[in-house]
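Undergrad: This is the structure, below, for whatever I ask next.
Bear in mind these aren't lab numbers, they're just calculated from the coordinates by the rules spelled out. Since we're looking at a predicted model, the values are computed, not measured. Here the Cβ positions follow ideal geometry from the backbone for every residue, glycine too, while neighbour counts run over all protein chains shown.
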Amino acid sequence: MISIDTLTSFFGWCAVLNIAMLSLTVVLVTVFREGLIKIHTRMFGVDRKNLEVIYFQYLGHIKIAIFMLNLMPYIALKIIHAAG
C-alpha cells in the first residue's frame, strides 16, 4: 500500500512538472507565434483567427486539468496529512 507521504510527493512533483511544461508552452506560443501559426494553418487548414482561439482554449484546458488532476489532490492530501 502506498503511504500518504509518497502519494503527496507524487502529486506535488506531477504538479511541478506539469506547471513547468505549461510555462514552456506559453513561452513557445508567445515567442514563436507566427511560425507556429504558419505551420498549423498549413497542417490543419485552420485560419489564423480561429487558430489563435484554439491556442488560448488549449492553454486554458491544460491549466484546468493541472489544477483538478494535480493540485487539488496534492492539497487534499496535505490537509489529510496535517489533520492526521
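Undergrad: Keeping to segment 66-84, report how many residues are more than 20 Å from L22 (Cα to Cα) and in contact (Cβ under 8 Å) with a residue 12 or more places away in the chain.
TA: 5
Undergrad: For segment 25-84, what are the residues that are more than 14 Å from the chain's Cα centre (by Cα) and under 30 Å from T6 (Cβ atoms)?
TA: P73, Y74, I75, A76, L77, K78, I79, I80, H81, A82, A83, G84
Undergrad: Would you say Y58 is part of a helix (DSSP H, G or I), without any contact (Cβ under 8 Å) to a residue 12 or more places away in the chain and among the aromatic types (F, W, Y)?
TA: Yes; evaluated as a whole, the condition is true for this residue.
Undergrad: Could you tell me which of the residues L24, L36 is surrounded by 12 or more Cβ atoms within 10 Å (Cβ to Cβ) and either among the β-branched types (V, I, T) or assigned to a helix (DSSP H, G or I) (or both)?
TA: L36
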